[in-house]
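Each remark here refers to the structure printed beneath this line.
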Amino acid sequence: MKKVVAGLVLMAGVSGTCLAAESNAPAATPAPAPKTWADSITLKGDLRYRYETINDDSKKNASKETYTRQRDRVRARLAAEAKVNDQTKAVVGLSTGGSDPISGNQTLGDGAAKKEMRLDLAYIDFKALEEGTSELSVQAGKIKNPFMTMNDDLMFDGDLSPEGIAVKAQTGNDMVTVYGNAGYIWIQERDSKDAAMLLAGQGAMKFQFIPEVSLTLGASYYGFQNLEGYDVIDWEGKNNAYGNSTKKGTVSGSTTNKAWATEFTPVVYFASLDMWVAGVPVSIFGQELSNTDADTLDQGHMYGVSVGKAKRVGTFEAGYSYTELEKDATVGMWTDSDRWGGGTDGKGHKVYAKYQVMKNLQFGAAYFKDDKTISKGGTDYDRMQLDLVAAF
Amino acid sequence: MKKINKLMAMMAVVGMGVGAAVAGDANSIVVDGSTTVGPVAKAFAEYYMGKHQNVNITVSESGSGNGAKSLINAACDVATMSRPMKNSEKKAAQEAGVLAIENVVALDGLAVIVHPSNSRGNLTIEQIRDIYTGKITNWKELGGPDQKIVVISRDTNSGTYESFNTLVLKDAKLTGGAEYVGSGGAIRQRVLSTEAAIGYVGLAFTEGVKTLQVNGVAPTPETVIAKTYPIARPLFMYTNGRPKEGTALYDFVNLSKTAEGKRIIEDVGYVPVK
């Protein structure tokens, strides 16, 4: 993260430097230089180069050979954060990618065609309260996921930027912190029918026993509105329900669209035990999900552990998680896009490792050993990713 | 599959080439942060280096906020802060794999200071707030001479500013006419050279200027300890994790608990923790 150069000039003026600065301070300080628009803007971004290979048994060819794909991909993101006033920020971010809401990857090798870059973030962040350990903020626009997540998440892919309004609050003391988050999220605006919405609430408590050990317990309610009976939302245009059960939807020419067969109101319980062991952060976490609107195939489970944090040069991070999402546990179009190729109706293992090679430069590797379409017995799905990430 | 094996082998080579985590130099301590806590850190450094010739301690004063950033970015071993870490800083530390351990090293009263010629002896917190928010702009409104008040404040990255904001301003907006300076020493000198000025500093920066009572209580070590002075605060040194016993870092951070450390704190002008 870098301040724009003009901002640094002002900072240098107000920040002392070292040892003797105090006693040699000037008798009278001139009025600060006038601020420019650049002083209030912070730019940040990252660039990821990824090699991945996928083996998918659900797509065997005529010779009964497993479908294999190897590809190199890039994802670039750039965001500007402007301080509007002491309580308000405005954030505008761009990302590579097309209409896929859960991936900014662009595959290399299509004749060196220019890649698309789209609006990924566009929101106002208003901090209504910041006093001691208490905070209350409101974000409105195309926002970052406002809900507490873990290294893995049953509900949402990490690249999803929901659209609407979120309220985030926390209060507490050195021992206990209470969190409350709520979201009023648009899914699909419809001219003459009820819009598809997500109304969600989340509450959690974090118990900080000692600085090295904390336990977080929480629950989330995600109330998806007006999905059942409506055509599935498929960014690929392939009538894809991303694992969810479907029934007949609208007819368009010779195509009969698929419609969601159920509504979704998943309730997620989550817990995370975070510790420092021999100077290394260790996290053990889990989520249990149940879609209270579906009659069957409505459960989700996720358990995992992570060790270390790859941020400083020479530090590492590694982890494992097991995830299972039944067919109608939650809305498939927003779940993690990597495990079993995305969506629901899958289960499997993930192992990953990251290493901070240099300042702001990270190497990562992940391997997924999954079964997809488990409602029909399941087929093997393996995926390996190697990442080089430059953050700035 | 061959391609995958090759890549895995490459990964292993890269990992070995880069080597293990960079460890901090056991005989070097880098301190950064608050200009208020700076005098304590400098005095501790001088004392400790005098006793241990092989240990090098550098102390920078870039403000509490920058001290927190330095600790999170592994640019320092000790972050000196005149306010506790904010939620956002704790979160950033956690995300960076930094376990921020808080050590209270001293207590301080925020002294409200004026020029020695100023006849005023006491202000209430409400009056101070009114001066700093621009509701009171002339000393005559407080029974003094017809002089426009010159309002001096610490820069907003300062922990002293944050403490003043919490204890006095209550998040009210500072008057647009306020002058911002980068250290307690600079405030003291500005007030010393300006008859109509008012400022706020830590107890270590009151030499030569007049300190006002706040709500009828003078800022002294006794009133800070007794918690009767209304705008008092703890001063901190944050480390990444708990320093190992027997290391220079452990000794440095825990110097405030020794008799010699308490004497140094008193000499600097602050109040040792009992």
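The values are calculated or read from the model by the stated rules, or taken from the named source; none is laboratory data. Keep in mind that this is a model prediction, so the values were computed, not measured. Cβ: placed from backbone, ideal geometry, glycine included. Neighbour counts: every protein chain shown. Areas reflect the complete protein model, heavy atoms only, side chains present, ligands, DNA and RNA absent. Shrake-Rupley method; radii C 1.70, N 1.55, O 1.52, S 1.80 Å.
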Looking at the range B:140-150, is at least one residue more than 19 Å from B:S119 (Cα to Cα) and out of contact with any Ser or Thr (no Cβ under 9 Å at 6 or more places or on another chain)? no
May I ask you to verify whether A:Y381 is away from every other protein chain (no Cβ under 11 Å), over 14 Å from A:S58 (Cβ atoms) and either in contact with a strand residue (DSSP E or B) (Cβ under 6 Å, 6 or more places away or on another chain) or surrounded by fewer than 18 Cβ atoms within 10 Å (Cβ to Cβ) (or both)? no
The range A:231-246, residues that are modelled with pLDDT of 95 or more and open to solvent by 50 Å² or more (accessible area, probe 1.4 Å): A:T246
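Residues checked against (1) at the interface with chain A (Cβ under 10 Å from one of its Cβ atoms); (2) more than 10 Å from the chain's Cα centre (by Cα); (3) assigned to a loop (DSSP other than H, G, I, E, B):
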{"position": "B:T35", "(1), (2), (3)": "yes, no, yes"}
{"position": "B:K42", "(1), (2), (3)": "yes, yes, no"}
{"position": "B:A45", "(1), (2), (3)": "yes, yes, no"}
{"position": "B:G50", "(1), (2), (3)": "no, yes, no"}
{"position": "B:T58", "(1), (2), (3)": "yes, yes, no"}
{"position": "B:A68", "(1), (2), (3)": "no, yes, no"}
Suppose we keep only residues that are of a type in the set (D, E, K, R) and away from chain B (no Cβ under 14 Å) within the range A:112-135. Which one would you say is farthest from A:G183 (Cα to Cα)? A:K114
What number of residues in the range A:166-186 are under 18 Å from the mean Cα position of the chain (by Cα), open to solvent by 30 Å² or more (accessible area, probe 1.4 Å) and of a type in the set (A, V, I, L, M)? 2
Only residues that are free of Cβ contacts under 8 Å to residues at least 24 places away in the same chain and within 16 Å of the chain's Cα centre (by Cα): list them for the range A:78-96, please. A:T96
Output the residues belonging to the range B:137-172 that are open to solvent by less than 20 Å² (accessible area, probe 1.4 Å) and β-branched (V, I, T). B:I149, B:V151, B:I152, B:T160, B:V168
Residues (more than 9 Å from every other protein chain (Cβ to nearest Cβ) and closer than 25 Å to B:P145 by Cβ) located in the range B:165-182: B:V168, B:L174, B:T175, B:G176, B:G177, B:A178
I need the full set of residues from the range B:84-130 which are open to solvent by 40 Å² or more (accessible area, probe 1.4 Å), within 21 Å of A:S134 (Cβ to Cβ) and either touching a residue at least 60 places away in the same chain (Cβ under 8 Å) or part of a loop (DSSP other than H, G, I, E, B) (or both), in order please. B:P84, B:K86, B:E102
Looking at A:Q299, A:Q287 in this structure, which one is more than 28 Å from A:Y123 (Cβ to Cβ) and within 26 Å of the chain's Cα centre (by Cα)? A:Q299
If a residue has to be among the basic types (K, R) and part of a strand (DSSP E or B) to count, how many in the range A:115-157 make the cut? 3
Matching residues, the range A:45-65, being loosely packed, with under 15 Cβ neighbours inside 10 Å, within 14 Å of another protein chain (Cβ to nearest Cβ) and in contact with a Phe, Trp or Tyr (Cβ under 9 Å, 6 or more places away or on another chain): none
With respect to the numbered conditions (1) of a type outside the set (V, I, T); (2) touching a Pro at 6+ places or on another chain (Cβ under 9 Å); (3) more than 29 Å from A:F285 (Cα to Cα); (4) at pLDDT 95 or above, which one is the sole condition not fulfilled by A:Y221? (3)
Please tell me if A:G201 is of a type outside the set (K, R) and on the phi > 0 side of the Ramachandran plot. no
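Yes/no matrix, rows are residues, columns are (1) open to solvent by 70 Å² or more (accessible area, probe 1.4 Å); (2) more than 14 Å from chain B (Cβ to nearest Cβ):
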| residue | (1), (2) |
| --- | --- |
| A:D72 | no, no |
| A:R75 | no, yes |
| A:A80 | no, yes |
| A:D86 | yes, no |
| A:V92 | yes, yes |
| A:P101 | no, yes |
| A:G104 | no, yes |
| A:T107 | no, yes |
| A:D110 | yes, yes |
Going through the range B:183-203 one residue at a time, which ones are open to solvent by less than 30 Å² (accessible area, probe 1.4 Å) and within 12 Å of another protein chain (Cβ to nearest Cβ)? B:S183, B:G184, B:G185, B:A186, B:I187, B:V191, B:T194, B:A197, B:G199, B:V201, B:G202
Kindly list, by first and then second residue, each pair from a residue in the range A:220-242 that is in contact (Cβ under 8 Å) with a residue 40 or more places away in the chain to a residue that is in a loop (DSSP other than H, G, I, E, B) and exposed (fewer than 15 other Cβ atoms within 10 Å of the Cβ), limited to pairs with Cβ atoms under 6 Å and residues at least 6 apart or on different chains. A:W235/A:S99
